1. Checking the structure you have, find out if any residue of the range 349-359 is open to solvent by 30 Å² or more (accessible area, probe 1.4 Å) and modelled with pLDDT under 85.
2. Restricting to the range 193-228, name every residue that is out of contact with any helix residue (DSSP H, G or I) (no Cβ under 8 Å at 6 or more places or on another chain) and either under 13 Å from F255 (Cα atoms) or assigned to a helix (DSSP H, G or I) (or both).
3. List the helices (runs of 4 or more DSSP H) that sit entirely inside the range 249-302 and contain at least 3 residues that are crowded, with 19+ Cβ neighbours inside 10 Å.
4. Would you mind stating whether S27 is under 25 Å from the mean Cα position of the chain (by Cα), surrounded by fewer than 22 Cβ atoms within 10 Å (Cβ to Cβ) and among the small types (G, A, S)?
5. Open to solvent by 20 Å² or more (accessible area, probe 1.4 Å) and over 23 Å from D163 (Cα atoms), is that true of E64?
6. Could you give me the residue pairs with C-beta distances under 7 Å whose first residue belongs to the range 83-104 and is at pLDDT 90 or above, whose second residue is part of a strand (DSSP E or B) and among the acidic types (D, E) wherever it lies, and which are 6+ apart or on separate chains?
7. Just one of (1) under 28 Å from the mean Cα position of the chain (by Cα); (2) in a loop (DSSP other than H, G, I, E, B) trips up R112, so point out which.
8. All but one of (1) open to solvent by less than 20 Å² (accessible area, probe 1.4 Å); (2) over 30 Å from R208 (Cβ atoms); (3) not in a helix (DSSP H, G or I) hold for C231; state the number of the condition that does not hold.
Amino acid sequence: MDSELDQLAQAATELARSAAGRVEVSSRACRLAERLTRGRFNISVLGEFKRGKSTIVNALVGQELLPTGVVPLTAVATEVAFGEEGATVVHLDGTTMDIGVGELADFVTEARNPDNQRQVARVEVRAPAQILQPGVVLVDTPGIGSIFRHNDEAATRALLDADGAILVLSADAPLSEPERRLLAALSDRRAPTFFVLNKVDHLTPAEREEVRRFVTEAVAGELGRKERLWCVDGRAALTARLAGRDLDEGDAVDFPEFTRALARFVEADLVEARLETARRELGRLARGLEDALRLEAGAAVLDAESLTRRLAEFQAAAEEQRRAFADERTLLERDVAALAEAISGRLFDFARREPPNWEGRLVEVARTAPVRRLEEELHHAVEVAVRVGFEAFRRAEAERAEQAWSRLAEQLRSRAQARINAVRTAASGLFSVSLPEMAIPEVAEEREQYFHLFLHVGSSSEDLGRVLRHLLPASVVRRRLLDRARRELAAEFDKHAGRARWDLDQRLGAVRRRFELTMVEELDQSVQTILAAARRAEELRSAADSDLERRRQEGEAARRATSAALTLAQGG
């Protein structure tokens, strides 16, 4: 695999060189080549400001390297890699400066480097931590959603360069709207991701599990799949590591398990993950450059007046496709709402019909259970009825719902593909080039991606059975507790139907929005690639005739580079 990584790095280097003048492709290919050449796997630590990201990084490496505090601190991305302890500041103009770890705050914090006045691109920190030795780089990112706009921009750049991610959420305010948007971006990137819920130290075990269930379900609703959520106390974990103690649950809840899972990923899956992300990124960049080369060649032979006119015609055609696609998104929103309403109708009908089916079980428990345990046994029977009943409904309904969503999503995917190819066809005709049709991958089948029930039957707030046992005959106690269990059963089915409806709305809405965003980005990217190529052709036309041969040779070199990159990206 090392040889393939070397080949991918070389292909990315050639792509960066060949794409000179095309800033987006060139800079991204250059960064990819750098990561691969240095054997680096960037794991960006992401999240809103003040979620404890820097503390999590410090705890993972076992040193208090990065500044932490009570106000939004991190202003620029800070990369922590393996090596002898030290740090290097990389400025936006490419110059570098070695500093001591104790000076980090002067460059990476908002307080000492406000609005990034020092023009820092990133800071590279080195530490002799075992988890970093295989080439892992932990990238501490500025928090999204702070009052500083440049923080969001720096975090976005770190996400684009991420091979993997650790998303840090907080038990104080789990899953904000900016974090939901970040989840959508992570889903699109498809990079290996660990989900961490920090600051759980103030919660009781019962409260922690309740928050864990809520956040797990909310994350699943955004991603379309269920992920393991690690509940941790980053500060306690760091304190234990600094004291030289082995971590246990008393120190940091799930932190020991989280670090072991991260270590297993590094040991077993890192190389393949690095290969997969590199292939995907290289292929995307190569296809973009390939399109740009064709369009530039076609536009370059047009005179200035013709190019200006055809560029205006293309922009008008592209805008027409955007408007048409916006109408199609409105139709999808309507159809998804109708789907949710249909499922909801069946859900509440089920919740009304199902309780009588469990009447016999409640009567049996009321008749046979010891009076001293009767309340507990009836409550357990209600819980079983709700769980088993709703699970049966979910299994029966999930396939129908998934098939309905897949049909709707496939319709939008095919329409988006048609819009994108209409844009490419317009460009092909106007600039006299051949742009191959673009195929958007078919909608993936992800089982239970948006229809999952959050089930938890709360315990009774009053120990009625204990009171009644001392006041009434056993037969009366049994009858009264049975009546209460019947009411509880009906109430729980109704309550869970409401929860399931809310859950369904959230999941379907999240899946729809994420899918639409992906389609919109595909369309916008196609338009922007074509416009950038036409404008570059305008700039190149003013070059002297003596440069024509050099430009021809550069074009040939770029075409060879894109061909080689595409072959490698496809595993060839």
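The values are calculated or read from the model by the stated rules, or taken from the named source; none is laboratory data. What you see is a predicted model; the values in this text were computed from it and never measured. Cβ: placed from backbone, ideal geometry, glycine included. Neighbour counts: every protein chain shown. The accessibility values were calculated without ligands, DNA or RNA, using every heavy atom of the protein model including side chains. Shrake-Rupley method; radii C 1.70, N 1.55, O 1.52, S 1.80 Å.
1. Scanning the range 349-359, I find no residue that is open to solvent by 30 Å² or more (accessible area, probe 1.4 Å) and modelled with pLDDT under 85, so the answer is no.
2. Taking the range 193-228 as the starting set, the residues that turn out to be out of contact with any helix residue (DSSP H, G or I) (no Cβ under 8 Å at 6 or more places or on another chain) are 202, 204-216, 225.
If the condition is that a residue be out of contact with any helix residue (DSSP H, G or I) (no Cβ under 8 Å at 6 or more places or on another chain) and either under 13 Å from F255 (Cα atoms) or assigned to a helix (DSSP H, G or I) (or both), then P205, A206, E207, R208, E209, E210, V211, R212, R213, F214, V215, T216 are the ones that fit.
3. 255-264, 270-300
4. yes
5. Values: open to solvent by 20 Å² or more (accessible area, probe 1.4 Å): yes; over 23 Å from D163 (Cα atoms): yes.
Against the criterion (open to solvent by 20 Å² or more (accessible area, probe 1.4 Å) and over 23 Å from D163 (Cα atoms)), E64 qualifies.
6. Qualifying pairs under 7 Å: G86/D98; A87/E124; T88/D98; T88/E124.
7. (1)
8. The number of the failed condition is (2).
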